[in-house]
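Let me begin by presenting the structure, written as structure tokens, before commenting on it.
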Amino acid sequence: MSLSPGLRDLLAWRNLAHDKVRFFVTLIGIVFSVTLMAVQTGLLTGFVTTISKIVDKTDADLWLVGRGVRSIDLPANIPERRRFQVLGVDGVAAADPFMHVFAQMKRPDGGAESVAVVGFDLATGRGGPWALAEGDIADLALPDAVVMDRLYKKKLGVERIGQTIEVNGRRARVVGFTDGIRTFTQSPHLFADIKTARYLTGYAEDRLNYVLIETARDADPQAVAARIRALLPDIDVYTKAEFSTRSSMYWLVTTGAGFSLVIASALGLIVGMVVTAQTLYATTMDRLPEYATLRAMGAPGSYLYGVILRQAAIAAVFGFGAGISIAAFIVHGARDGSAAILLPWQLAVGLGLATFAMCAAAAVISIRRVMAIDPVSVFK
Amino acid sequence: MTALVEVAQARVVYGTGEASVEALKGVSLEVRKGEILMLMGPSGSGKTTLLQVAGALLSPTAGTVRLAGERIDGLTQEDLGRRRLRHFGFVFQHYNLFPALTAAENVAIALDLKGVPAARRRAAAHEALDRVGLGDRAAHFPSQLSGGQKQRVAIARALAGEPDAILADEPTAALDSASGKRVVDLLHDLAKAQGRAVVLVTHDPRIVEAADRIVHIEDGRIREAAEHPLPAEA
């Protein structure tokens, strides 16, 4: 198929665009499909990304977790001496405490909200908040200091830095706001130094949930993990990627929320594919008499393939362009909403390829019909 | 005149078993260069089927078809398409123009099918429209043309590829008398001035005077084939 513009390009374009109403209807179908697919997969991507965000953002090669822990938000209580034991393992450069514990927060108006207290070692900063928008991280050294995300100011009734709040009946003070650290559980994170976290959650001084391990530069994290497992058989060890995936998969596969999003996303893809294919197929079929005329005139099959595939490509370009723009607008509009919709460029490219594939598939199905036309049908 | 198409003992049967219909029952016909041949007969007599067989659109169930000396019955649809493209231009009763293309683009498409480069295509399309008297309608879409003008665009399209024969199915059926006469005069001039064969299927008694030869078909058989007693002047 020649790529130089010619009469086939013109015929393909005019077949689509000459009748403005029909063109609009064709595009609406594809735009709707692309938008649906983008938003549904964007919701799923947002969900998965949010679940594992803390793991992904934490600068730890290995995560030491309680036996059987399936997700970061479902931790087990482990003794801190495990951390000291790990420090003696060959290949471990650092081992820091980390906590992720749900707590009750009392709003200023008397209402209650669930929060997740995230405790980390302020001295190393490993596991601490990123994207600090207001305040100073050093202020977390104050005994009751916490940092929260400004996305949840209204939800938690917090308006400003310095405001005191009540967590599990204990006083805490907001010393900073992050920007864009979402929670997928509807329990906003309160980042605090490990000591403050223990104080707010009632954890004993010698207890924690996780140990964040940095391996030596020349060490193989998997080999170090094997040595730790051998030393501490009652503890699980995962690489960062493994624990990230484990946390995401737990919510995606074993919970209704995750599974319904997976199903909705799959349905979005299927409905999008079907609508796109059906729309383009119908558009091609509307032109069947003209293809029959071309056949009667002696047009070779390759000529007809060329026109129909070009038609599909044009519809895909316009439909995807408009659909992804609308989806980007929705993503932008939802950035401060409770549900994260993410549309990374890789997903956009994937959806673009899927749109082209769907249009090409519809074209191939149409081609079969077009090639089956009896050229004598033009005489009827 | 030499024979461009030779149909010998062609039988065409549609369907199978008891529901089958024999549209042609052993028909033989020659189409000669430079002549206007009219196929006439009542509806369902088989004249359009004969045009399709002669025009390499339909392979007969039995019998042979030669085109420019080459036997073409039994070729695949793709191979028949190549022969049609090389030898024939078609004019249809309902014009069959592409509504999304202008008159010039409709004509140019016949040339594009033959792989004529864009610059030559444009010039040849305009020349063909000039020949049918529609040079000033080149940029009009079919919806902006009258029935007669549409049929002349269709003739220009059939002509543009410089075919050996133009095959026309009821080209005047949808036209008023004046437009019909103009179309037939045009086809007549083409046959005489350019030595092309013109085969018309028609019911229209108003146009028979233009014929060199008239073949009457009835019930799938040629009832009468005669040189026209008063051939029109070139």
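The values are calculated or read from the model by the stated rules, or taken from the named source; none is laboratory data. The structure displayed is predicted, hence computed values, not measured ones. Please note: Cβ atoms are built from the backbone with ideal geometry, for glycine as well, and neighbour counts cover all protein chains shown. Side chains are part of the model used for accessible areas, which takes the heavy atoms of the whole protein and leaves out ligands, DNA and RNA. Shrake-Rupley method; radii C 1.70, N 1.55, O 1.52, S 1.80 Å.
Listed by position, the helices (runs of 4 or more DSSP H) inside region A:268-380 whose residues that are more than 14 Å from chain B (Cβ to nearest Cβ) and not polar (S, T, N, Q) number at least 3 are A:301-333, A:345-371. Looking only at region A:305-356, residues that are in contact (Cβ under 8 Å) with a residue 24 or more places away in the chain, under 29 Å from A:G6 (Cβ atoms) and open to solvent by less than 80 Å² (accessible area, probe 1.4 Å) come to 19 in all. Here A:S302 does not qualify as hydroxyl-bearing (S, T, Y) and in contact with a helix residue (DSSP H, G or I) (Cβ under 8 Å, 6 or more places away or on another chain). Checking each residue in region A:222-260 for being among the polar types (S, T, N, Q) and under 15 Å from A:A76 (Cβ atoms) picks out only A:S247. Tally time: how many residues in region A:207-231 are touching a strand residue (DSSP E or B) at 6+ places or on another chain (Cβ under 6 Å) and more than 16 Å from A:G88 (Cβ to Cβ)? So the count comes out to 5.
Residue by residue, here is whether (1) assigned to a helix (DSSP H, G or I); (2) more than 24 Å from B:E6 (Cα to Cα); (3) at pLDDT below 90 holds:
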{"site": "B:K150", "(1), (2), (3)": "yes, yes, no"}
{"site": "B:A156", "(1), (2), (3)": "yes, yes, no"}
{"site": "B:P171", "(1), (2), (3)": "no, no, yes"}
{"site": "B:V183", "(1), (2), (3)": "yes, yes, yes"}
{"site": "B:I207", "(1), (2), (3)": "yes, yes, yes"}
{"site": "B:E233", "(1), (2), (3)": "no, yes, yes"}
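Residues in region B:173-232 that are closer than 19 Å to B:E30 by Cβ and surrounded by fewer than 18 Cβ atoms within 10 Å (Cβ to Cβ): B:G195, B:H216, B:R221, B:R223, B:E224, B:A225, B:A226, B:E227, B:H228, B:P231. Selection of region B:1-50 for residues being touching a strand residue (DSSP E or B) at 6+ places or on another chain (Cβ under 9 Å), without any contact (Cβ under 8 Å) to a residue 60 or more places away in the chain and open to solvent by 70 Å² or more (accessible area, probe 1.4 Å) yields B:M1, B:T2, B:Q9, B:R11, B:Y14, B:V21, B:E30, B:G44. Filtered by the rule that a residue be farther than 15 Å from A:A17 by Cβ and touching a Lys or Arg at 6+ places or on another chain (Cβ under 6 Å), region A:284-316 gives A:G298, A:G306. Looking across region A:71-117, the residues that are in a loop (DSSP other than H, G, I, E, B), of a type in the set (D, E, K, R) and more than 19 Å from A:R198 (Cβ to Cβ) come down to A:D90, A:R107, A:D109. Candidates in region B:102-141 are the residues that are basic (K, R) and open to solvent by 60 Å² or more (accessible area, probe 1.4 Å); of these, the one that is modelled with the lowest pLDDT is B:R131.
Among the residues here, A:S52 does not qualify as closer than 30 Å to A:L309 by Cβ and not hydrophobic (A, V, I, L, M, F, W, C). Residues in region A:71-88 that are surrounded by 22 or more Cβ atoms within 10 Å (Cβ to Cβ) and more than 22 Å from A:L200 (Cβ to Cβ): A:V86 only. Taken over region B:53-86, residues that are facing chain A (nearest Cβ under 9 Å) and open to solvent by 10 Å² or more (accessible area, probe 1.4 Å) amount to 7. The combined condition, being at the interface with chain A (Cβ under 9 Å from one of its Cβ atoms), over 17 Å from the mean Cα position of the chain (by Cα), of a type outside the set (V, I, T) and surrounded by fewer than 21 Cβ atoms within 10 Å (Cβ to Cβ), is fulfilled by B:P99. Of the residues making up region A:12-70, those that are surrounded by fewer than 17 Cβ atoms within 10 Å (Cβ to Cβ) and β-branched (V, I, T) are A:V21, A:V25, A:I28.
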